[in-house]
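Taking it in order: structure first as C-alpha cells, then the write-up.
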Amino acid sequence: MKASFELIEVGGFIAAIEGMRYPTKSIGDSLLNPCKNLPTDTCLVLGPKDIKLATGLIQKGPVHGKFQRGVCAWFSINIPIAVWSELDTYIVGVDMISSESTMYTLIKECGNITEDMFVDGTSKSTIEYFKKQVDEFTLEYGSRKEIPIDKIKYALPGGWLQKRNRGFSYQCLASMYRDRKDHRLNIWPEVICKSIEQLPYFKELILGVSDAN
C-alpha cells in the first residue's frame, strides 16, 4: 500500500484576509465566491493588492506570519509510524484531530497480517518476521488478545501504516515544505510535499511568492 496525504478541506481565508487589513485599516480587493471544485466552503479569488500585502508579510518572517497562521488545511494522512515520528516534529499550528488506535488495530489485526498494512518498500522478510513473533506471543500467552500490547508495539516494524486526521496552519505547512522538499526519505518530497503543492494559492500563501513582487 502506498502512503497518502489527502486534503480534506481548507478554511480561514475570510478571517485571514480581513485580519491582515486591520493594522492599517485598509480595504482588500479579493473576491469570495461559492466554489464546488475545492474542499472548502469558500473559493477565494485573491486580488493583486491582497497578494502583494500577504506575500510581503510572509517574506518578513514568522513575526509577521499571522496571515499564514490564519489559513488552515486538514488532511487524512496514512503514513508509516517511522515517518509519523518525523512529522511530529511540526507541532506549532497543528490540530491533532484523531487517529487509528495502535493498540486496538494491532490486537484486532495481528492475527491476519498482510502486506497492505505496510508501506510499499517494506521487505517481505520483515513482515514475515513480525508475523512469526506474533505467533510466538500467541502461543506464550494463550491468545492474541492476551498478548501485552508493549510486546507487539516494540516488535512492530517502522513500515506499519497508521492513519490520522490532522490540521496544519499554512505557516506550519510552509515550514514543513521548506525543510523537507528535498528530503532523502521519498515520502516527504513525493507524497507530503506534492500534496502541499496542490493547496489553493500554494505559491503565494505557502512560499510567499507573487508575480507582482
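The values are calculated or read from the model by the stated rules, or taken from the named source; none is laboratory data. Treat the numbers as computed from the prediction; the structure is a model and nothing was measured. No Cβ is skipped: glycine too gets one built from the backbone with ideal geometry, and neighbour counts run over all protein chains shown.
Reported count of residues in region 182-207, each being touching a strand residue (DSSP E or B) at 6+ places or on another chain (Cβ under 7 Å) and under 18 Å from G159 (Cβ atoms), is 3. Got a sec? Which of P34, P48, P23 is at pLDDT 80 or above, closer than 17 Å to P200 by Cβ and more than 22 Å from the chain's Cα centre (by Cα)? Matching residue, one of P34, P48, P23: P48.
Do we have any residue at all in region 162-178 that's in contact with a helix residue (DSSP H, G or I) (Cβ under 8 Å, 6 or more places away or on another chain), part of a helix (DSSP H, G or I) and more than 16 Å from G93 (Cβ to Cβ)? No - not one qualifying residue is present in region 162-178. Residues of region 44-56 that are touching a residue at least 60 places away in the same chain (Cβ under 8 Å) and either farther than 11 Å from I17 by Cα or touching a strand residue (DSSP E or B) at 6+ places or on another chain (Cβ under 9 Å) (or both): L44, L46, P48, K52, T55, G56. Checking the structure you have, find out if any residue of region 158-171 is out of contact with any Cys (no Cβ under 8 Å at 6 or more places or on another chain) and hydroxyl-bearing (S, T, Y). Looking for residues that are out of contact with any Cys (no Cβ under 8 Å at 6 or more places or on another chain) and hydroxyl-bearing (S, T, Y), one finds none in region 158-171, hence no.
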